[in-house]
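What follows is calculated from the coordinates using simple rules that are stated; it is not laboratory data. Please read all numbers here as calculations on a predicted model, not as lab measurements. Using ideal geometry, Cβ is built from the backbone for each residue, glycine included, and neighbour counts are taken over all protein chains shown.
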Amino acid sequence: MRCTYYRAVPQIRLVSINVQRLEVPPGSDDYVDRAWQLKERIRRNEGVLRQRRGFFTTAYGRATVFLYLDRSSDSLVGFATVRRDGYILFLAVDETYRGQGFGRRLVASVADEHSTVTCHARTTNAGALEFYESLGFEVKQQIDGYYEDGGDAYYLQLGDAPSIRERLADRLNLNE
C-alpha cells in the first residue's frame with residue numbers, strides 16, 4: 001500500500017491513496033443518501049446531527065459538498081456541506097476515520113473557497129467545540145434555543161479575509 005505522510009499535526013496519520021476527495025456542486029444530489037446514512041449513524045451513536053431528512057436533503061442539494069471516499073471499501077469517510085457564504089451546514093466524519101485529519105481537510109477545503117468560515121455547534125457537543133477551537137474558530141455568540149429540540153448553540157467563526165488560509169495551513173502544516 002502506498003501512503004502519503006503529513007508532518008507536524010499529531011492527529012493526522014497516514015492517508016491511503018485509496019481515499020479520494022470529491023466536490024459535489026450545488027444542485028446535485030450525488031452521495032446524498034450516503035451522507036444521510038453517515039449523519040444518522042452519528043446521530044444514533046452520539047446524539048448530535050439531529051436534523052430531519054427533508055431539511056438535510058434540501059440543504060445538501062443547495063450547497064457545495066466536499067467529501068472523501070475510501071475507494072478500497074466504497075465507504076464515505078466524511079463530508080462538509082457548505083453554503084455560498086462559507087457557512088458549514090453539516091460536517092461529519094465516520095468514527096472509524098476520525099483522528100486522521102479528514103475533518104481538518106474538509107474545513108481547509110471550505111477555507112480555500114471562502115474568506116470567512118462559520119458554523120453553529122451545540123453548546124453540549126464538547127468534541128465538536130474542541131475540534132473547531134483547535135482550528136482557530138472563535139465563539140462569536142451563544143444562541144439559546146437555536147435547535148429544533150430547544151438545544152443551545154454557539155456561533156463560531158474562523159478568519160477575517162486573507163489570513164484564513166495561512167492560519168489553517170499553519171495549523172495543518174500541509175503544503176499541497
So if we plug the beta-carbon distance of residue 124 and residue 37 into 1/(1 + (r/R0)^6) with R0 = 22 Å, what FRET efficiency do we get, rounded to 0.05?
-> 0.35
Residues 130, 46 in order from fewest to most other beta-carbon atoms within 10 Å are 130, 46
Relative exposure of 39, 140, judged by other C-beta atoms within 10 Å (fewest first) | 140, 39
Enumerate the amide H contacts of residue 87 below 5 Å, restricted to partners 5 or more residues apart or on another chain; note that Pro and chain-start residues carry no placed amide H.
-> 118
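Given axes a ≥ b ≥ c from the Cα gyration tensor, I'd like to know whether region 32-147 is rounded (a/c under 1.5), prolate (a/b larger than b/c) or oblate.
rounded
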